[in-house]
Structures are given as C-alpha cells and as structure tokens.
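Chemist: Could you have a look at this structure, given as structure tokens, before my questions?
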Amino acid sequence: MGIVTLVILIFFFPYGWFLWSSISNKTGMVETYRWKKPMAVLIGLILISAVLNYVYSEAYNLAFFQSGFELTVGLIVAGAFLVIFSIINIIAGIVYRGAPKSFYNPKVVWGFTAVLCTTMLFFIVWVYPLAEKASYIVRLDSAIAAADEKQDGEEITIVFMSSEKQCVRRRTENCNSSDYQNAFFVKNNLDETKQVQVQIRALDRQQNELKSVESKIMRLEAGELKLVETEETSDKESIWSRSSFETEYQTRFYQSIYRYRDAN
C-alpha cells in the first residue's frame, strides 16, 4: 500500500494548498486568495495521470477506467454523502433562517458540500484506481523478474508476491479486522498454450497452515504470466484490484503444486 498512499498524498497536496490559502486569506495573513497556483498544480497532476493511464493501457493492456461495478460503487458513495449533507443543509437553513451570514452562510455551505462530494468522487473513480494500477504494475514487473530467476527448466513457475491489508491507515479498528490480500502469479514457461491449475498452501511465520486453496483452470499463452485466480478472486473488480485469496494472518511462506494440459 506504500505506492497507493504516496499517490493519494500527491493528489491531496493541491487541496491542502487551496485550504491553506483560504485560511490565510480569512485570517488576514495574505491580502488576496491565491488559488491559481494550486489549481495549476491540480490540473497538471490530472494531465500527468491521464498520460500515465494511457501508457498503462498500451504497455500492460489495462483498462483506462475502472470496472463498471467499481464505478457504480463510487457514484453510490459520493451520492450518499451528497444526500446526507443536503438534508443537513436544508434543516440548518430552516433552523437558522435569518441568521447573520457570519454565523450561517447558505452559499458557502452548499459550495463546501459540492466541492467535498466532487472531491470524493474524483478520488474514488480516478486517483485511487491510478494508485492501484501503479502498485499492480510494480508487483507485476517484480513477478516477471522473480519468475525469470526461478524458471530453470520448470514448465510452470509460481511466484508469491505479497500478503498485505488494503489499508491506508494501518492502526485502525477497521484495518485490524480486515484480512490479508494474497497475490500469487503463475507463468507458463512452455512454448505452447496450456490450461493450468495450481494448488497453494499458505503458511504463517511458524510455517503453520493458514489456508489451502485451488485455483481456477486458467488459460496461459506461451510465456504468459497471470495472477493466480481462485474462487475468492472477484470478477467484478478491475484486474489491478484483485487478489488470489485472503487469509486471517499474513502469509510468510507457501507450498505449491501444479498441473497442466494442452489447451483445446
């Protein structure tokens, strides 16, 4: 999650700049509200991220946008917050009708609501997927390098890449209760397309078994490397968001076997 956190923080920078400029203007630290520079930074980040998305799409055959399911979830979350804040604003407008604008300013409140919900939607459907793509590509490149090192005459190579929680903030109750996402990759080292199935036994630090899972039967072209997909792998998520399976505790070691056959 280090790469994901870094990308999110980079995009938060212009928003923090906006906020600091607004506070400085209201407190009299600066005479004018300096919004042009943070806006330019934000636009620059959006353009750079669009270029990166295009490069990822061409070089790694990744979709430019997240899946329809994930996009729908993002719209629902942002819409839910919009409805909640709208109800609060309407009630506040009725209760504080006629109050001084220094105490309650409807235009400012509605403007804040619009910016907040738009920002949430932007981060959910654009920034976070970009961060996950970057993290996935790093893992994929590492898996390719590890598979090449381990190949040594193997027909099929299985590579364990990561076992981590999908949490930006680790020391939270929600993160503590979530399971570890395990990512395994499998590579077909043969010169022909094969149907491959693997069985993985995940082990903890003391090499006690955490889980034993069997993958789906996967079609791999000659030399192709793929994420190991099991019944726990969600087809609704984008490829960069998927994991092979989950475990309650972190996987440290593993044992694996595989079988393959000619693809029909």
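The values are calculated or read from the model by the stated rules, or taken from the named source; none is laboratory data. Since the structure is predicted, the reported quantities are computational estimates derived from the model, not experimental observations. Quick reminder, even Gly has a Cβ in these numbers, built from the backbone with ideal geometry, and neighbours come from all protein chains shown.
Chemist: Got at least one residue in region 186-197 being part of a helix (DSSP H, G or I) and in contact with a helix residue (DSSP H, G or I) (Cβ under 7 Å, 6 or more places away or on another chain)?
Modeler: No, the conditions are met nowhere in region 186-197.
Chemist: Whether any residue in region 99-107 is assigned to a helix (DSSP H, G or I) and either free of Cβ contacts under 8 Å to residues at least 12 places away in the same chain or of a type outside the set (Ser, Thr, Tyr) (or both) is what I want to check.
Modeler: yes
Chemist: Sort out for me the strands (runs of 3 or more DSSP E) sitting completely within region 209-264 that have 2 or more residues that are in the same structural domain as residue 161 (by the TED database) and surrounded by fewer than 17 Cβ atoms within 10 Å (Cβ to Cβ).
Modeler: Hits in region 209-264: 209-214, 253-262.
Chemist: Taking interchain pairs and intrachain pairs at least six residues apart, which have beta carbon atoms under 8 angstrom, with the first residue in region 34-50 and in contact (Cβ under 8 Å) with a residue 12 or more places away in the chain and the second surrounded by 15 or more Cβ atoms within 10 Å (Cβ to Cβ) and β-branched (Val, Ile, Thr)?
Modeler: Within 8 Å, the pairs are 45/10; 49/127.
Chemist: Another one. If we keep just the residues of region 32-56 that are modelled with pLDDT of 90 or more and polar (S, T, N, Q), which is surrounded by the most Cβ atoms within 10 Å (Cβ to Cβ)?
Modeler: 49
Conditions tested, residue by residue: (1) basic (Lys, Arg); (2) under 30 Å from residue 141 (Cβ atoms); (3) loosely packed, with under 12 Cβ neighbours inside 10 Å; (4) not assigned by the TED database to the domain that holds residue 242.
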{"residue": "65", "(1), (2), (3), (4)": "no, yes, no, yes"}
{"residue": "75", "(1), (2), (3), (4)": "no, no, no, yes"}
{"residue": "83", "(1), (2), (3), (4)": "no, no, yes, yes"}
{"residue": "89", "(1), (2), (3), (4)": "no, no, no, yes"}
{"residue": "104", "(1), (2), (3), (4)": "no, no, no, yes"}
{"residue": "108", "(1), (2), (3), (4)": "no, no, yes, yes"}
{"residue": "115", "(1), (2), (3), (4)": "no, no, no, yes"}
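Chemist: Hey, another quick one. Pairs please, first residue from region 126-139 and closer than 15 Å to residue 5 by Cβ, second anywhere and acidic (Asp, Glu) and not in a helix (DSSP H, G or I), Cβ atoms under 9 Å, 6+ apart in sequence or on different chains.
Modeler: Short answer, once both residue conditions are applied: none.
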